[in-house]
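One structure is given here, and the rest of the page talks about it.
The values are calculated or read from the model by the stated rules, or taken from the named source; none is laboratory data. This is a predicted model, so every value here is computed, not measured. Cβ sites come from the backbone with ideal geometry, for glycine too, and all protein chains shown count toward neighbours.
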Amino acid sequence: MSDSYSLLILPGDGIGPEVMAEVVKIVDWFGANRGMSFDVSHDLVGGSAYDRHGVPLADETMARAQAVDAVLLGAVGGPKYDDLDFSVKPERGLLRLRKEMDLFANLRPAQCFDALADFSSLKREVVAGLDILIVRELTSGVYFGEPRGIHADDNGDNEGGRVGINTQRYTSGEIRRVARAAFELAMRRGNKVCSMEKANVMESGILWREEVQWVHDNEYPDVELSHMYADNGAMQLVRNPRQFDVIVTDNLFGDILSDAAAMLTGSLGMLPSASLGAPMANGRPKALYEPVHGSAPDIAGQGKANPIACILSFAMALRYSFDQGEAAAELERAVERVLADGVRTADLMGPEGGTPVSTSQMGDRIVAALAAG
Ligand code: NAI
Ligand code: MG
C-alpha cells in the first residue's frame, strides 16, 4: 500500500537552501524505504523570489501552497534585501503564506535531547526528558486588533504629547478553534492541556478561560485541563517545565513563552515549528513547517548550518499532516542517536571542543542512522 503526499518545498535564502538539501535526503529515504510516496515540488520565497519575480512570493507559488498537503520552508531574508521597500521585504512572503492560508495554530515543541541536556540554561535534572508543546494563537490578538496607532494626545499634562494604542481582541470563535487544536494534539501526546492568560486583569483573558473550558467540557472532557496566569506560567516553565504537556495561549503570551521554553533545550539550530489551519477537503489541515531560526547570513554558504531544526520540522509534517506518527518518531530517534554518538555541527560544540561536521555530513549521518534502524 502506498500513501501519497504532496509537499511544496520553499528553501528561501541564506542557509535555507543548505538545510533544505538535507531534508530532501530524508524525504527520499522515507519514500524509498517506508512505502510513502511524496509528490515534491520546489519554488521560491523571500529574497530569492524577489530576485526572480520582483515580489517575495509570486501568486503562482501562493496558489500551489494552498493546494498541497504541506509546505516546508527554510528561511528568508538577508543583508542584500535590508534596504528594500517594506512591501517587498522577504519576510512579507512568509507573512502572506501564513495569512492567506489562515494558519491560526502555531506549534512550538520544546524537547530536550539527552545528549544536549548540558546546553540548557537550566540544570540537567530539571530538563532531562523534557517534551512539551506550546500552541500559540497566530492570527489574532493584540498584533492585529483595532484600534491601533500612535496619535497626538495633548490634553492635560502628557509630556511628549502622544499616545500609542494596541487592542487585545479575541472572538469566542477564534479561541474555540485554537483550543480544539490544542485538545486534539494533547490526545496524541500526554492528554494534558494547560491554558494560559491573564484573566485576573484582562476581559479578553476571562473570555479565553471560559471558552477553553467550554470546548473542554463539551468536546474533550477526557483531556485533563488546567488554567494558569501567564506570568505564573513563565515562572513554572523555568522552575519545573516537565509538569506541562500541551500549553495553549494567545498570540502575544505565546510569542514570549515559546521563546523562553525554546531556550530550555539549547540551540536555535535544533528548533522546529509548525503552523496549522483549518482542515482541507481531504481532512488534512492547511500546514506550513519551518525551523524557528532565520537565514543566518553570518554562516551562509559555508556548510556550517545545523540542518536538524529543518529535519525535525519535516518530522512534524510526518506526524501532523501525514498521520505518520511512527515514522516521525523513527526520525526523531535517528537524530537522538546521531547526537548521542557525539556528532555535532559547529553550533553544538561545547567548551570541550572537538571537530564539527558539515551541514551535509550531519544529514548523511541521520540518513545512515535511519538505515541502521
Ligand atoms: P538567525 O536565526 O538567522 O541567526 C541568529 C544566530 O543563530 C546567528 O549567529 C546564526 O548563525 C545562528 N544560527 C541560526 N540558525 C542556525 C543553524 N541552523 N545552524 C547554526 N547556527 C544557526 O537570526 P538573525 O541573525 O536575527 O536574522 C538573520 C536574517 O534572517 C534576517 O534577515 C532576518 O530577518 C531573517 N529571519 C528570518 C526568519 C524566518 O525566515 N522565519 C526568522 C528570523 C530571522
Ligand atoms: Mg518571538
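For the stretch 285-307, the condition of being at pLDDT 95 or above, in a helix (DSSP H, G or I) and more than 8 Å from ligand 1 (Cβ to nearest atom) holds for none of the residues. Among the residues of the stretch 258-266, is any surrounded by fewer than 19 Cβ atoms within 10 Å (Cβ to Cβ), within 12 Å of ligand 1 (Cβ to nearest atom) and touching a residue at least 24 places away in the same chain (Cβ under 8 Å)? Within the stretch 258-266, not a single residue is surrounded by fewer than 19 Cβ atoms within 10 Å (Cβ to Cβ), within 12 Å of ligand 1 (Cβ to nearest atom) and touching a residue at least 24 places away in the same chain (Cβ under 8 Å).
Residue count for the stretch 63-113 under the criterion of being under 28 Å from Met36 (Cβ atoms), within 16 Å of ligand 2 (Cβ to nearest atom) and in a helix (DSSP H, G or I): the result is 2. Is there a residue in the stretch 28-39 that is basic (Lys, Arg), farther than 22 Å from Ala327 by Cα and away from ligand 1 (no atom under 16 Å from the Cβ)? No, the stretch 28-39 has no match at all. Of the numbered criteria (1) surrounded by fewer than 20 Cβ atoms within 10 Å (Cβ to Cβ); (2) of a type outside the set (Phe, Trp, Tyr); (3) within 16 Å of ligand 2 (Cβ to nearest atom); (4) over 14 Å from the mean Cα position of the chain (by Cα), the one Thr355 fails is (3). Selection of the stretch 267-291 for residues being surrounded by fewer than 19 Cβ atoms within 10 Å (Cβ to Cβ) and either within 12 Å of ligand 2 (Cβ to nearest atom) or on the phi > 0 side of the Ramachandran plot (or both) yields Leu268, Gly283.
Summed over the stretch 267-284, the residues that are over 12 Å from Leu103 (Cα atoms) and within 16 Å of ligand 1 (Cβ to nearest atom) give a count of 7. Does the stretch 96-104 contain any residue that is more than 17 Å from the chain's Cα centre (by Cα) and surrounded by fewer than 22 Cβ atoms within 10 Å (Cβ to Cβ)? Yes, some residue in the stretch 96-104 is more than 17 Å from the chain's Cα centre (by Cα) and surrounded by fewer than 22 Cβ atoms within 10 Å (Cβ to Cβ).
Among the residues of the stretch 314-352, those that are part of a helix (DSSP H, G or I), in contact with a Ser or Thr (Cβ under 8 Å, 6 or more places away or on another chain) and within 11 Å of ligand 1 (Cβ to nearest atom) comprise Asp347, Leu348. Filtering the stretch 295-331 down to residues that are under 22 Å from Pro90 (Cβ atoms) and without any contact (Cβ under 8 Å) to a residue 40 or more places away in the chain, which residue is nearest to ligand 2 (Cβ to nearest atom)? Here the residue is Asp298.
Every test in (1) more than 13 Å from ligand 1 (Cβ to nearest atom); (2) in a helix (DSSP H, G or I); (3) under 17 Å from Leu370 (Cβ atoms) is passed by Cys310 save one, and that test is (1). Just one of the listed residues (Val27, Val40, Val23) is within 21 Å of Thr359 (Cβ to Cβ), surrounded by 23 or more Cβ atoms within 10 Å (Cβ to Cβ) and among the β-branched types (Val, Ile, Thr), and it is Val23.
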